[in-house]
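Student: Could you have a look at this structure, given as structure tokens, before my questions?
The values are calculated or read from the model by the stated rules, or taken from the named source; none is laboratory data. Not measured: the values here are computed from a predicted model. All Cβ positions, even for glycine, are placed from backbone atoms using ideal geometry, and neighbour counts span all protein chains on display.
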Amino acid sequence: MGVEGVGARVLRKEDRRFITGKGKYTDDMFVPGMKHAAFVRSLHAHAKVTGIKVDAAKAMPGVIGVLTGKELKADGIGNLICGWMIHSKDGTPMKMGAWSPLATDTVRYVGDAVAIVIADSKGQARDAAEAVEVTYEELPVVVSAVAALKEGAPQLHPEAPGNLIFDWDLGDEKATDEAFAKAAHVTRMDIVNNRLIPNAMEPRATLGVYDAGEDHYTCWTTSQNPHVARLVMSAFYNVAPENKLRVIAPDVGGGFGSKIYIYPEELVCLWASKKTGVPVKWVADRTESFLADAHGRDHVTHAELAFDKDNRIVGFKVQTIANLGAYMSLFSSSVPTYLYATLLSGQYDIPAIHANVKTVYTNTAPVDAYRGAGRPEATFVVERMMETAARELKVSPAELRRKNFVRSFPHQTPVIMCYDAGDFDATLDAGMKAADYAGFEKRREEAAKRGKLRGIGMSCYIEACGIAPSAAVGSLGAGVGLWESAEVRVNAVGTIEILTGSHSHGQGHETTFAQLAAERFGVPIDSVSIVHGDTDKVQMGMGTYGSRSGAVGMSAIVKALDKVEAKAKKIAAHLLEADEADIEIKNGDVRVAGTDKTVPWFQVALAAYTAHNLPSGMEPGLKEGAFYDPSNFTFPGGCHICEVEVDPDTGTTEIIQFVAADDFGKIINPMIVEGQVHGGLAQGIGQALLEGTHYDDSGQLLTASYMDYTMPRAQDLPSFNIMTTETPCPSNPLGIKGCGEAGAIGSPPAVINAITDAIRNNDLAMPATPQAVWAAIQAAK
Amino acid sequence: MYETQYHRATSVEGAARLMGEAEDGKFLAGGMTLIPTMKQRLASPSDLVDLRRIEALKGVKISGRTVRIGAVTSHYDVSINEELAKLCPAIVSLAGHIGDPQVRNMGTIGGSIANNDPAADYPSALLALEATIITNRRSIPASEYFVGLFETALGSDEIVTAVEFTAPDKAAYKKFPNPASLYAMAGVFVAKSGDKVRVAVTGAGENGVFRLEDAETALATNFSPSALDGLAVDPDGLLSDMHASAEYRANLVKVMAKRAVAEIANRPM
């Protein structure tokens, strides 16, 4: 590696503009004549809309227009869809209820959009939104997925009787039953994975601009995948054909999954721009974000793990009820199925697994992928079960895990995934050593003298990243392919632009992607620019989520770099009158290996564009594109160890140390990887200790602001002790596995395992707030 | 936020006059509760009369053991007052732990007690210190001032100008914060003067701040944490919400009371 190449701890190029307030977000976009939108939202969790009166609102100062779902439908704008088809075990397709971008006859959650008001100022739009008179006939409400499945529960969608969207199976039920019949020990648990509200720093926002002269739309939006937004809005929502719709996702202040989906607001604003003749901007306030961003998690699971007499796992049964909220969001169906049940083998060699997942409609905000998406839920089930089994079997939790590790690769699990590489002993050893696991009992005794309950817990997780081989996901129901594209443009003076279909909303792509070119050509990263987030600039792309930008997005760049390098070498060989095979590119020089015959990199680029002296028949220019479709998922894995002290008087948990030993394969920029791990751990520890989403029985969201929804603060977190081991991923050219979600996936069970170890009561749900821990201590007395 | 008229008063009399002229006015003394409430469109005063720039209402005055804190003295200014820290460190520490730095620099003692949020910190101190709340019309003992949730003895256009109390021999405040808002979920102020002990609790009561008389009695004869071992705090009458049940709050009240007593007992002065 060079000083700025692969493996270098290069400072992030983008941070200068972010930390000096010079980032350009959607809300920073102003176009002439721009007006402001406010949405009229349902205050009821479930109601028939019996009337919408807009005249009073239209007469308010500054109001340009008030539009409803009826007009939207009349203009042929389609319903929102879920883009991943899941079939129930009986072969029937999932039962998707209609989701009108503006509700016309029924509202199904508090925050459901009913109308849009456009006015000169944001304040005027809000004032007028309050003047829209919507009359409702309230309907009975159900917020819990378990309750929604019960007979007589309120019915949300006529398409989904009993609120059941699908009843899906994975694995071999018969083989699993047979394994259980012979088991020496079975560990059984009921496990809840708490609903989370994402809370990106930048709320969602959009600016829709219709150009009547060109009959063309531009949509600025807070998206993790602008091309997918354009595809879906064109192909399914009938907003405009693709060639008449440009989607731009400029700087985006965090996504965590919540900005993957196409929500009602951006397509309504686009349509409203044409309808009213003015550009329409909408920016969510924080409470709107709480109410109407897609939430995450919300699983209720019963799991049974069977062991033989030697404590080897022989079978695993999992039944999960997943709450998908009031409507099926874009990828909602894939999260509790192919991103969840396929990871139930964990790091373990389990011969038989059977999972059943029922997904359910409730009168709550839609639920979709949130950092980790299915994999945190799977890891929480597997790792809570392993720790609990170890306690029941009275063996060391580490040794029980070690005994059952997968050790030969590739390893085909009974739940689709084929692990390509890994070394689970290495991460467990590294984690235990760093945490001084062996010395724990002494520390427990010392803490007891101070009146504190000390506990330790671990989590050995695996995840599937680098989403995903297109043919494979297509066969499983995905509506899109999950490849990535890249284009490398070498300018005539040797500077480089890399166009990518990945989207950076905090990940640092402008730095890491540039490091690839620096590594390849020896050019400084300052002469490499990363272009992303605009469908007019980048031909096509699938965006950033599922820790895919390294493994898939960078692999596409590598393929394009290969082509550029090949052509550059041909030109150089011609200029230097040497054999192409002898040309090497090093430190910005192109040379004949072993000689002093060189030509500077910029002269090769210049030669490509002057085209005065190119090899016979060669096209001018130095610009290549590539599409990369991965051959497999990647499998990051690791060991997280958490050590806590609980104050028995108040139930307060203090994290004394948190160790994360992760195997991410090859690492491009260790500093950025560490940042990703820190952020992921903060979110995972937030889920475990702090973040609880509460709806009351009438479907009102009680945790709709920071007064009641507890985001992790710096004071809640320890100084992390993180390290990596490396088994390169064999499935992509860089050997990258992905690191964006690991922290959020691995940490929650480690935290809960530690607290339950400290308080000697295993019955503890997330979030383990002081009240919950205190109650669990009282219950164990 | 709905449209509102902002007025900056320069004297108490002027503020009262502005309020009298307003259709549906509110005094502003920091706005740490009022402004967020207005932003959420849950309050829509026609006029805001800002008291924070009235010089006469600012500052801490100490004579002998008598402490007078002007109504628009910020929490920050209380928290850094060295003279007060020598005389009554508990109230200085309390002020230094209200909200976050932004809140401490904007929020004022008068604003806090006029709003009388059941989870605010100051009410427990003023009740335990047997403080007097001085307004532009009269003086009100703390025991009569705090009436209920967000309810005080103040008339609609009455302005708190200062609070006054005699520094106790010893005092301490311990709070257990709500994990999300960091407001007190149970905050206990213990003040000891001679044999007299006062224990006041904020954050936990259904009717706002209250005195814990059983604890006072127990501590009057034996001022030590163990005197509270047998204390049974009745969950009846305590707040119950998603963050803390009444039972959990009752436990926290006892734990915080013991910790406050322990802090006093362990303090060198």
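Student: In this structure, is residue B:74 closer than 14 Å to residue B:110 by Cα, small (Gly, Ala, Ser) and without any contact (Cβ under 8 Å) to a residue 60 or more places away in the chain?
Tutor: Yes; evaluated as a whole, the condition is true for this residue.
Student: Are any of the residues in region A:706-718 of a type in the set (Asp, Glu) and in contact with a Pro (Cβ under 9 Å, 6 or more places away or on another chain)? Break it down stepwise before answering.
Tutor: Filtering region A:706-718 down to residues of a type in the set (Asp, Glu) leaves A:708, A:716.
Add one more test, that the residue is in contact with a Pro (Cβ under 9 Å, 6 or more places away or on another chain), and what stays is A:716.
Among the residues of region A:706-718, at least one is of a type in the set (Asp, Glu) and in contact with a Pro (Cβ under 9 Å, 6 or more places away or on another chain), which makes the answer yes.
Student: Give me the residue from region B:255-265 that is facing another protein chain (nearest Cβ under 9 Å) and aliphatic (A, V, I, L, M) and, out of that set, nearest to residue B:192 (Cα to Cα).
Tutor: Within region B:255-265, the first condition is being facing another protein chain (nearest Cβ under 9 Å), and the residues that meet it are B:255-256, B:258-259.
Those left that are additionally aliphatic (A, V, I, L, M): B:255-256.
Numbers: B:255: 18, B:256: 16 Å.
So the residue we want is B:256.
Condition check ((1) surrounded by 18 or more Cβ atoms within 10 Å (Cβ to Cβ); (2) touching a strand residue (DSSP E or B) at 6+ places or on another chain (Cβ under 8 Å); (3) small (Gly, Ala, Ser); (4) over 30 Å from residue B:235 (Cβ atoms)) across all residues:
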{"site": "B:85", "(1), (2), (3), (4)": "no, no, yes, yes"}
{"site": "B:90", "(1), (2), (3), (4)": "yes, yes, yes, no"}
{"site": "B:113", "(1), (2), (3), (4)": "yes, yes, no, no"}
{"site": "B:125", "(1), (2), (3), (4)": "yes, yes, yes, no"}
{"site": "B:137", "(1), (2), (3), (4)": "no, no, no, yes"}
{"site": "B:167", "(1), (2), (3), (4)": "yes, yes, yes, yes"}
{"site": "B:183", "(1), (2), (3), (4)": "yes, yes, no, no"}
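Student: Does residue A:710 qualify as being surrounded by 22 or more Cβ atoms within 10 Å (Cβ to Cβ), within 12 Å of another protein chain (Cβ to nearest Cβ) and either in contact with a His (Cβ under 7 Å, 6 or more places away or on another chain) or not polar (S, T, N, Q) (or both)? Working first, answer last.
Tutor: Working: surrounded by 22 or more Cβ atoms within 10 Å (Cβ to Cβ): yes; within 12 Å of another protein chain (Cβ to nearest Cβ): yes; either in contact with a His (Cβ under 7 Å, 6 or more places away or on another chain) or not polar (S, T, N, Q) (or both): no.
Spelling it out, it is not the case that residue A:710 is surrounded by 22 or more Cβ atoms within 10 Å (Cβ to Cβ), within 12 Å of another protein chain (Cβ to nearest Cβ) and either in contact with a His (Cβ under 7 Å, 6 or more places away or on another chain) or not polar (S, T, N, Q) (or both).
Student: In region A:6-33, how many residues are loosely packed, with under 15 Cβ neighbours inside 10 Å, among the hydrophobic types (A, V, I, L, M, F, W, C) and within 30 Å of residue A:132 (Cα to Cα)?
Tutor: The qualifying residues number 2.
Student: Let me ask another. For the subset of region A:124-143 comprising residues that are surrounded by fewer than 20 Cβ atoms within 10 Å (Cβ to Cβ) and more than 19 Å from residue B:3 (Cα to Cα), which member is nearest to the other protein chains (Cβ to nearest Cβ)?
Tutor: Looking at the filtered set, the residue picked out is A:133.
Student: Based on what the data block shows, is residue A:738 away from every other protein chain (no Cβ under 14 Å) and either within 23 Å of residue A:296 (Cα to Cα) or touching a Phe, Trp or Tyr at 6+ places or on another chain (Cβ under 7 Å) (or both)?
Tutor: When the stated conditions are applied, residue A:738 passes them.
Student: A further question on this structure: What's the number of the only condition in (1) within 30 Å of residue A:107 (Cβ to Cβ); (2) over 22 Å from the mean Cα position of the chain (by Cα) that residue A:709 fails to meet?
Tutor: (2)
Student: Let me ask something additional. Across region A:204-239, what is the total count of residues that are at pLDDT below 95 and on the phi > 0 side of the Ramachandran plot?
Tutor: Residues in region A:204-239 being at pLDDT below 95 and on the phi > 0 side of the Ramachandran plot: 1 in total.
Student: Hey, can you tell me all the residues within region B:221-254 that are of a type in the set (S, T, N, Q), part of a loop (DSSP other than H, G, I, E, B) and either over 23 Å from residue A:705 (Cβ atoms) or more than 11 Å from chain A (Cβ to nearest Cβ) (or both)?
Tutor: Once the filter is applied, which keeps residues that are of a type in the set (S, T, N, Q), part of a loop (DSSP other than H, G, I, E, B) and either over 23 Å from residue A:705 (Cβ atoms) or more than 11 Å from chain A (Cβ to nearest Cβ) (or both), region B:221-254 yields B:222, B:224.
Student: Hand me the list of strands (runs of 3 or more DSSP E) wholly inside region A:547-637 holding 2 or more residues that are touching a residue at least 40 places away in the same chain (Cβ under 8 Å) and farther than 30 Å from residue A:660 by Cα.
Tutor: Fully inside region A:547-637 and qualifying: A:583-586, A:623-628.
Student: Also, quick follow-up: Can you spot a residue in region A:502-522 that is outside the structural domain of residue A:658 (by TED's automatic domain parsing) and in a strand (DSSP E or B)?
Tutor: Checked region A:502-522: no residue is outside the structural domain of residue A:658 (by TED's automatic domain parsing) and in a strand (DSSP E or B).
Student: Shifting gears a bit: What residue, of B:232, B:215, B:227, B:246, is over 17 Å from residue B:121 (Cα atoms), crowded, with 22+ Cβ neighbours inside 10 Å, outside the structural domain of residue B:118 (by TED's automatic domain parsing) and out of contact with any Lys or Arg (no Cβ under 6 Å at 6 or more places or on another chain)?
Tutor: B:215
Student: At least 3 residues that are surrounded by 24 or more Cβ atoms within 10 Å (Cβ to Cβ) in each: list the strands (runs of 3 or more DSSP E) lying fully within region A:233-341 that qualify.
Tutor: The qualifying strands (runs of 3 or more DSSP E) are A:280-283, A:299-307, A:313-325.
Student: Right, another one. With region A:422-489 as the region, which helices (runs of 4 or more DSSP H) entirely inside it contain at least 1 residues that are out of contact with any helix residue (DSSP H, G or I) (no Cβ under 8 Å at 6 or more places or on another chain), free of Cβ contacts under 8 Å to residues at least 60 places away in the same chain and closer than 29 Å to residue A:257 by Cβ?
Tutor: A:470-475
Student: Now for a separate question. What's the total number of residues in region A:638-654 that are part of a strand (DSSP E or B), within 14 Å of chain B (Cβ to nearest Cβ) and not hydroxyl-bearing (Ser, Thr, Tyr)?
Tutor: Selection size over region A:638-654: 3.
Student: Residues being among the aliphatic types (A, V, I, L, M) and either farther than 21 Å from residue A:85 by Cβ or assigned to a helix (DSSP H, G or I) (or both): count how many of those fall in region A:344-392.
Tutor: Of the residues in that region, 12 qualify.
Student: Taking the condition outside any loop (DSSP other than H, G, I, E, B), touching a residue at least 40 places away in the same chain (Cβ under 8 Å) and under 24 Å from residue A:770 (Cα atoms), does residue B:162 pass?
Tutor: no
Student: Step by step: first the residues of region A:691-702, then only those that are surrounded by 20 or more Cβ atoms within 10 Å (Cβ to Cβ) and not acidic (Asp, Glu), then the one that is nearest to the other protein chains (Cβ to nearest Cβ). Which residue is that?
Tutor: Among those that are surrounded by 20 or more Cβ atoms within 10 Å (Cβ to Cβ) and not acidic (Asp, Glu), it is A:692.
Student: Restrict the check to region B:199-214 and report whether at least one residue is within 12 Å of chain A (Cβ to nearest Cβ), more than 17 Å from the chain's Cα centre (by Cα) and without any contact (Cβ under 8 Å) to a residue 24 or more places away in the chain.
Tutor: Within region B:199-214, none of the residues are within 12 Å of chain A (Cβ to nearest Cβ), more than 17 Å from the chain's Cα centre (by Cα) and without any contact (Cβ under 8 Å) to a residue 24 or more places away in the chain.
Student: Where residues in region A:757-781 are more than 19 Å from residue A:300 (Cα to Cα), more than 13 Å from chain B (Cβ to nearest Cβ) and out of contact with any strand residue (DSSP E or B) (no Cβ under 7 Å at 6 or more places or on another chain), which of them is surrounded by the most Cβ atoms within 10 Å (Cβ to Cβ)?
Tutor: A:761
Student: Kindly list the number of the only condition in (1) touching a strand residue (DSSP E or B) at 6+ places or on another chain (Cβ under 8 Å); (2) closer than 30 Å to residue B:17 by Cα that fails for residue B:149.
Tutor: The number of the failed condition is (1).
Student: Every residue in region A:516-573 that is touching a Lys or Arg at 6+ places or on another chain (Cβ under 7 Å) and under 15 Å from residue A:627 (Cβ atoms), please.
Tutor: A:551, A:561
Student: Hey, among the residues in region B:167-198 that are hydroxyl-bearing (Ser, Thr, Tyr) and under 21 Å from residue B:224 (Cβ atoms), which one's farthest from the other protein chains (Cβ to nearest Cβ)?
Tutor: Of everything passing the filter in region B:167-198, B:193 is farthest from the other protein chains (Cβ to nearest Cβ).
Student: Condition first: modelled with pLDDT of 95 or more, away from chain B (no Cβ under 14 Å) and part of a strand (DSSP E or B). Can you find one or more residues in region A:665-688 that meet it?
Tutor: Yes, because at least one residue in region A:665-688 is modelled with pLDDT of 95 or more, away from chain B (no Cβ under 14 Å) and part of a strand (DSSP E or B).
Student: Does any residue in region A:501-514 that is in contact (Cβ under 8 Å) with a residue 40 or more places away in the chain come within less than 6 Å, Cβ to Cβ, of a residue that is of a type in the set (Asp, Glu) six or more places away or on a different chain, and which pairs are these?
Tutor: Pairs found: A:501/A:484; A:510/A:14.
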